[in-house]
Amino acid sequence: MADSDPKRAIAEEAVLGYLQNHPEIPDSQLFADQLAADGKINHDDIANAIKSLTGHKYVDSQEITTEKWLLTEEGKTYAANGSPEMRLFMAIPQEGITKEELQKKFDASVFKIACAQAAKNKWVDFGKQLVTRKIQRVDDDRVQTLLLRIQNEKDISQDDIKALTKRKLIVLQVKKGFSVRRGPTYAPKRKKIATDLTRDMLQRGNVDEEDFKPPNLNANGAPTEGGCLHPLLKVRKQLKDIFLQMGFEEMPTNRYVESSFWNFDALFQPQQHPARDSHDTFFLKVPSTTKELPEDYVERVKRIHESGGYQSRGYGYDWKREEANKNLLRTHTTAISSRMLYLLAQKPFSPKKYFSIDRVFRNEAVDRTHLAEFHQIEGLICDRGLTLGDLIGVLEDFFSRLGMSNLKFKPAYNPYTEPSMEIFGYHKGFGKYVEIGNSGMFRPEMLLPMGLPEDVSVIAWGLSLERPTMIRYGIDNIRDLFGHKVDLALIKKNPICRIGLESDEEKL
Ligand code: FB9
């Protein structure tokens, strides 16, 4: 370091050299002023040298603060030429003088001050006609005297300091500096200290003569630019753990492209349902239609839509195969639930608890909480004789693990569940109820055509991944969480996610 910056080297040499035959440098400011003569170095160089020499224990140094009163430009003129009030007094002849006459002798700003001060000192009388002396003579131009004393670094009383400061004739100069003494490893010259053990040293075999820089064990290591998880993935991990702890298994959601059949028809969602037009759904141009569907099952779905069955009267419309064949970007992971339930029905029945967390796409207006895609979280339990009570029970268990308690349920409508409920949970952080999801019991018109036994019912619920993440990380605009506008700092520095496990102050 020293060798790279010549000024530093000069400053170090000056400090170490001076201490060779002086016990200390009492004030680095004064020391620098003496050195500044040859203008090569200034106090900053000296200060940096002292800091670095202190770091290597060549010297011991204490920070000192020196205060000094300096005259302002105005103060300097008064010190040189006398105070304006004194000069005014002197300019008034015994017989007095008209103000106009007197004014001519001074420039405006000074004349004003002179009059004010002379009046205050009761030296002068400003009559209607004439300006006259109130006293015969003024012995001492106190202001000038005080200013000169300061100039000669002599002390004056606090009151005088206050008066002169008020007249902006003096200012306090505060200087930071050091007092320096020889340190434990003092040497007149800085010894080149080795920072690393090198091959040459080993070859030269004089390692123990080498002077090694003491390792700075408090130095921060090189920042480890390790990977970091996007907050969404942290919350997703939390939710996966909750599902796995509750004995659920994850459904394979690695297919964004879905056929209308599995995304809508299999869920008993009628083909004229508003969600099935391109205003809400992204339909694919290529490949625009699905290749194969389980024909016998399709037949049963067609029938249940057209004319019902299983005590349902269906929708009574003309169901079109080509509509079901249309490919789209799935609008919900419930499309995967329908596939998995259909597969489950193809073998002897065994109860199942499934979950999915993955992207879904909806052609919606983008706003603070909605993008054209979000991550849906879905849970379903398929078993004999499940009731709405079971659904409510499992929801209370699930959301309690997310720190949401005393849930409230509001009747809702989904084409594929009856009854359906919107779920509301009390959020301590917000101090209010927030909508935390939707749920219901899959309709028999969905389950029976799949081939599931009559007494098997399926309870299910869904929520988004973005909402809990925004709440957990205090993000109020979804565009700050997901997409090209995300600021990487948020990704790099966001706290661990322990939803539901947070202490109160952690709660948002
Ligand atoms: O996530 C939502 N809210 C939410 C969830 C958790 C949370 O914080 C947690 C603990 C800290 C806070 C809020 N919602 C669902 C509710 C609203 O945000 C809603 O306005 C937006 N919804 C999305 C859909 O928007 C069009 C969230 C998304 C949603 C809605 C319904 C389902 C899935 C996602 C579903 C379903 C379903 C129903 C029955 C059967 C199967 C699936």
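Looking at 199, 137, which one is over 54 Å from the mean Cα position of the chain (by Cα) and farther than 30 Å from residue 18 by Cβ?
Exactly one of 199, 137 is over 54 Å from the mean Cα position of the chain (by Cα) and farther than 30 Å from residue 18 by Cβ, namely 137.
Would you confirm whether or not segment 31-46 contains a residue that is in contact with a Phe, Trp or Tyr (Cβ under 7 Å, 6 or more places away or on another chain), among the acidic types (Asp, Glu) and not assigned by TED's automatic domain parsing to the domain that holds residue 107?
no
Just checking, which of 73, 67 is open to solvent by 30 Å² or more (accessible area, probe 1.4 Å), among the acidic types (Asp, Glu) and touching a residue at least 40 places away in the same chain (Cβ under 8 Å)?
On the way: 73 fails: touching a residue at least 40 places away in the same chain (Cβ under 8 Å).
Only one candidate qualifies: 67.
From 292, 306, 299, which residue is free of Cβ contacts under 8 Å to residues at least 24 places away in the same chain, more than 22 Å from residue 331 (Cα to Cα) and out of contact with any Phe, Trp or Tyr (no Cβ under 6 Å at 6 or more places or on another chain)?
Testing whether each residue is free of Cβ contacts under 8 Å to residues at least 24 places away in the same chain, more than 22 Å from residue 331 (Cα to Cα) and out of contact with any Phe, Trp or Tyr (no Cβ under 6 Å at 6 or more places or on another chain) leaves just 299.
Of all helices (runs of 4 or more DSSP H) completely enclosed by segment 214-325, which ones contain at least 1 residues that are within 43 Å of the chain's Cα centre (by Cα)?
Values: elements: 231-245, 260-263, 295-306, 321-325.
Those helices (runs of 4 or more DSSP H) span 231-245, 260-263.
How about segment 360-403: which of its residues are within 10 Å of the ligand (Cβ to nearest atom) and in contact with a Lys or Arg (Cβ under 6 Å, 6 or more places away or on another chain)?
Within segment 360-403, 360, 375 qualify.
Which residue, of 292, 258, 306, is within 18 Å of residue 446 (Cα to Cα) and surrounded by fewer than 20 Cβ atoms within 10 Å (Cβ to Cβ)?
Working: 292 fails: within 18 Å of residue 446 (Cα to Cα); 258 fails: surrounded by fewer than 20 Cβ atoms within 10 Å (Cβ to Cβ).
Selected residue: 306, the only one of 292, 258, 306 that is within 18 Å of residue 446 (Cα to Cα) and surrounded by fewer than 20 Cβ atoms within 10 Å (Cβ to Cβ).
Can you work out which of the residues in segment 418-445 that are open to solvent by 40 Å² or more (accessible area, probe 1.4 Å) and near the ligand (Cβ under 7 Å from one of its atoms) is farthest from the chain's Cα centre (by Cα)?
The selected residue is 438.
How many residues are open to solvent by less than 20 Å² (accessible area, probe 1.4 Å) and outside any loop (DSSP other than H, G, I, E, B) if we restrict to segment 147-177?
Count: 6.
Go through the residues of segment 212-234 one by one and say whether even a single one is within 30 Å of residue 187 (Cβ to Cβ) and in contact (Cβ under 8 Å) with a residue 12 or more places away in the chain.
Looking through segment 212-234, at least one residue is within 30 Å of residue 187 (Cβ to Cβ) and in contact (Cβ under 8 Å) with a residue 12 or more places away in the chain.
The values are calculated or read from the model by the stated rules, or taken from the named source; none is laboratory data. Note that the structure is predicted; figures quoted are calculated from it, not measured. Cβ atoms come from the backbone with ideal geometry, glycine included; neighbour counts cover every protein chain shown. Surface accessibility is based on the protein's heavy atoms, side chains included, excluding ligands, DNA and RNA. Shrake-Rupley method; radii C 1.70, N 1.55, O 1.52, S 1.80 Å.
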